[in-house]
Every structure is written in C-alpha cells, then in structure tokens.
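Asker: One structure, pasted below without further comment.
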Amino acid sequence: MRPSAMREVTAPSLLDLARQTQLMRATTAQFFPRDVFRDSAWDMMLELFIADQQNRPICVKELILVSGESATSALRRIDRLEGAELLQRRTDPADHRRLAVTLTDRGIKAMTAMLQHLYLTMGNGTHRGTEIRPD
C-alpha cells in the first residue's frame, strides 16, 4: 500500500464510542425481541451523553421516545435516574412549555468512565491500547 493511500488512525472520541454503543444496542433488536431485551435507563443515558457531547438539548418527550417504553414507565425511569443524581430536568429556556433533560456532572463522569471501561478495559480490539479523545 502506498503511504499516500494509508489513512491515519486516530483515537476515537467519547462521542464516537457512545454512538457505536448506541448502534450496538439498536442492533440487538434484529436478534432479540425488544420487549425482552430492553434497558431503557441505559438507552436514555446514552442519548443524553451524545446530546451533551453535541451541545444539543433533549426534552422529556424525546427521552420517552428513546426509551421505547410507555410514558408512565419512562417517567418512572427518569425519576429514578434523577433521584440517583445522574440527570436533571429544567424548564427549557427556549420554550417554557418543555422540560429539558441534561446529565449532571455525576452522570457525565459515570458515562465517561463506563465508555472508557467498555472500550479500553474490556479490550475492544479496534481500540485496545489507544487513547480516547475527550472531544
């Protein structure tokens, strides 16, 4: 292979890893019944982490859709995550009728640590021994 044809391999960002994890979660639906293989809290945390990395707001309604659960069940899950101080709800400054949901510092730290653990400690072959960019 000519040197000019080789692509430089760069370390993945946390955003890249979160997206990859979200894609893997969605792929499970091809092999397992969604109502059996569901972890809505993890799906919500991934979506909130990705939104945080993109500086994009998420409202409660969007998070309910991401969860794949009924509104009542999803709101209970959001309550538990908020009780664990992993996320917080606030009135959306752009639209006071909506509630925006964001990760707390604790939630960001937990997601960062989890993604690093998944892709470094467990040795995902494509990322083993590489640094992860914070982006």
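Asker: Checking the conditions here, which among Asp43, Asp39 is of a type in the set (Asp, Glu), at pLDDT below 95, surrounded by 17 or more Cβ atoms within 10 Å (Cβ to Cβ) and under 16 Å from the mean Cα position of the chain (by Cα)? Show your work before the answer.
Answerer: Working: Asp39 fails: surrounded by 17 or more Cβ atoms within 10 Å (Cβ to Cβ).
Of the residues listed, the single one that is of a type in the set (Asp, Glu), at pLDDT below 95, surrounded by 17 or more Cβ atoms within 10 Å (Cβ to Cβ) and under 16 Å from the mean Cα position of the chain (by Cα) is Asp43.
Asker: Which ones in region 92-110 are farther than 20 Å from Arg76 by Cβ and either in a loop (DSSP other than H, G, I, E, B) or modelled with pLDDT under 95 (or both)?
Answerer: Those that are farther than 20 Å from Arg76 by Cβ and either in a loop (DSSP other than H, G, I, E, B) or modelled with pLDDT under 95 (or both): Asp92, Pro93, Ala94, Asp95, His96, Arg97.
Asker: Sticking with this structure for a sec: Where the second residue is of a type outside the set (Phe, Trp, Tyr) and modelled with pLDDT of 95 or more and the first is at negative phi and exposed (fewer than 13 other Cβ atoms within 10 Å of the Cβ) and lies in region 59-83, which pairs have Cβ atoms under 6 Å and are six or more apart or on separate chains?
Answerer: As it stands, the answer is Ala71/Ile64, since those pairs meet every condition given.
Asker: Any residue in region 28-44 that's under 25 Å from Arg80 (Cα atoms) and free of Cβ contacts under 8 Å to residues at least 40 places away in the same chain: show its pairings with residues that are of a type in the set (Gly, Ala, Ser) and outside any helix (DSSP H, G or I) at Cβ separation under 8 Å, as long as the two are six or more apart or on different chains.
Answerer: So the pair list comes out as Arg34/Gly68; Arg38/Gly68; Ser40/Gly68; Asp43/Gly68.
Asker: Consider region 1-20. How many of its residues are modelled with pLDDT under 85 and assigned to a helix (DSSP H, G or I)?
Answerer: Number satisfying all stated conditions: 3.
The values are calculated or read from the model by the stated rules, or taken from the named source; none is laboratory data. All values derive from a computational prediction rather than experimental measurement. Ideal geometry is used to build each Cβ from the backbone, glycine not excepted, and the neighbour counts take in all protein chains shown.
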